[in-house]
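Have a look at the structure below, then the notes.
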Amino acid sequence: MSTAPRSNRREFLQGKSAADTLVDLAQQMLPGGEGSTQVPPAENAPDSYLLRLARSAMACTFEIYLNAGQYPGAQSTALAALDLIDRLEDQLSVYRAHSEVSQLNERACEQWVQVEPRLFALMAEAVELHDESQGAYDITAGQLSRIWGFTRRAGRLPEPDELAQSLARVGSQFLELNEQESSIRFKRAGLQINLGSIGKGYALDRAAELFESADIHDLLIHGGNSSVLARGSNASLGPGQGWLVGVRNPNRPTRYLGQLRLHDRSLSTSGSGTQFFTHEGRRYGHILDPRTGWPAEGVLSVTVVAPTAAQADALSTAFYVLGVTGSRAYCEAHPSVSAVMLCAGERQGQLTTHLIGVDPPEWIPPNESE
């Protein structure tokens, strides 16, 4: 993947009716994506169109949707937002040796490393989320995925001593942050940071800032379908109606269990429906509990709605680890956060849906959304 931003002339740009866009989105669920964006049309607005721009970044496709013709210059702002996402990938990716995060991992065990202020703020937020989630969310847990084989998509059961050695090098409590200098130091050798669980959401938040500065207030952006940011409303739904985002059935990925209405909010979905392996009849998913080093169990998928996309991104991982009880406690302590959690029912193939902190107007069940 090129490290330089691609030319705007390579962008995919098209104007589509809202009805056509619904079909496109339903067909474009990416392999490995745990959530999916769905923008349904309103019957009384058949002539409403959406402008769609897309680019590949961060191992997925980012798409921006705007109400066509609503804002002069919106296309240029959208292209600038996609360029920004390219630059953020170049800063955050651990798969690029020159990235700021890779350089931090290389040097921070030996010395204080100063980082760009916005990156420092993201790290500080990740540490705060680690503390608030009782360690269920941890940006230093990437090497656990490596020993389980998930980074190579070749799952394996690690040896006990291998797991113990990796766990000894995991823990956001070993990150030392100097706010005055925007610098970071690792207090334990072997520590490594990976922002894959929060990076897409952060990129969406940064892109949204560009639209806000350009006085563009109605848009939807998603990264790989699983991370979504919505501002204002889809014109086909009417003023103040927000955007509708489908929640997919983890047992039947082509079906939706319902829709969430987003208005100036963000959403993220996590699940292990596509990344897992089976060993001696037991299923091991790719979302690991950083406190134990073992795959989290008990939840099939979780969708989190939060004020920012970075929060939603991180918390969807944390809630998958915390389970229903822990997630409910978190939402009670943080009323701005809500969740839809899907767990196995009593019978095989059956689902139990847990709505946590979701206001009734936000959730549209299948019989109302089909």
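Values quoted throughout were computed directly from the atomic coordinates according to the rules given, and no laboratory measurement underlies them. None of the values given here were measured: they were computed from a predicted structure. Virtual Cβ from ideal backbone geometry, glycine too; neighbours counted across all protein chains shown.
Residues in the stretch 142-181 that are among the hydrophobic types (A, V, I, L, M, F, W, C), under 25 Å from the mean Cα position of the chain (by Cα) and more than 23 Å from Arg107 (Cα to Cα) were compared, and the one that is surrounded by the fewest Cβ atoms within 10 Å (Cβ to Cβ) is Ala154. Scanning for something touching a residue at least 40 places away in the same chain (Cβ under 8 Å) and closer than 24 Å to Tyr284 by Cβ, does the stretch 228-249 turn up at least one residue? The answer is yes; a qualifying residue exists.
Determine whether Gln275 is in contact with a helix residue (DSSP H, G or I) (Cβ under 7 Å, 6 or more places away or on another chain) and closer than 25 Å to Arg152 by Cβ. It would help to see each step written out before you state the result.
Values: in contact with a helix residue (DSSP H, G or I) (Cβ under 7 Å, 6 or more places away or on another chain): yes; closer than 25 Å to Arg152 by Cβ: yes.
Judged against the criteria, Gln275 is a match.
Among the candidates Asp205, Asp218, Asp264, the residue that is of a type in the set (Asp, Glu), within 23 Å of Leu92 (Cα to Cα) and in contact (Cβ under 8 Å) with a residue 24 or more places away in the chain is uniquely Asp205.
Would you mention how many residues in the stretch 215-250 are in a loop (DSSP other than H, G, I, E, B), out of contact with any Cys (no Cβ under 9 Å at 6 or more places or on another chain) and either at positive phi or surrounded by fewer than 24 Cβ atoms within 10 Å (Cβ to Cβ) (or both)? Working first, answer last.
Kept after step one, since they are in a loop (DSSP other than H, G, I, E, B), are these residues of the stretch 215-250: 215-218, 224-226, 232-242, 249-250.
With the extra rule that they be out of contact with any Cys (no Cβ under 9 Å at 6 or more places or on another chain), the set shrinks to 215-218, 232-242, 249-250.
Add one more test, that the residue is either at positive phi or surrounded by fewer than 24 Cβ atoms within 10 Å (Cβ to Cβ) (or both), and what stays is 215-218, 232-233, 235, 237-242, 249-250.
Going through the stretch 215-250 one residue at a time, the tally reaches 15.
Residue count for the stretch 303-333 satisfying the condition of being under 11 Å from the mean Cα position of the chain (by Cα) and part of a helix (DSSP H, G or I): 9.
Here's a check for you: in the stretch 334-347, which residue that is part of a loop (DSSP other than H, G, I, E, B) and not small (Gly, Ala, Ser) is farthest from Leu163 (Cα to Cα)? If you could, list the steps in order and put the result at the bottom.
In the first step, residues of the stretch 334-347 are kept if they are part of a loop (DSSP other than H, G, I, E, B); the result is 334-337, 345-347.
Those still in the list that are not small (Gly, Ala, Ser) too: 334-335, 337, 346-347.
Numbers: His334: 33, Pro335: 36, Val337: 33, Glu346: 33, Arg347: 34 Å.
Of everything passing the filter in the stretch 334-347, Pro335 is farthest from Leu163 (Cα to Cα).
Residues in the stretch 270-302 that are in a strand (DSSP E or B), farther than 22 Å from Glu128 by Cβ and among the β-branched types (Val, Ile, Thr): Thr278 only. Let me spell it out: the conditions are (1) of a type in the set (S, T, N, Q); (2) free of Cβ contacts under 8 Å to residues at least 40 places away in the same chain; (3) within 26 Å of Leu315 (Cβ to Cβ), and Asn194 meets all of them except one. Which number is the exception? Result: Asn194 fails condition (2) only. When each of Leu79, Leu104 is tested for being under 30 Å from Ile216 (Cα atoms) and of a type in the set (A, V, I, L, M, F, W, C), the lone residue that passes is Leu79. Taking the stretch 91-193 and the helices (runs of 4 or more DSSP H) fully enclosed by it, the elements with 1 or more residues that are under 29 Å from Gly281 (Cα atoms) and out of contact with any strand residue (DSSP E or B) (no Cβ under 8 Å at 6 or more places or on another chain) are at 142-147, 160-167.
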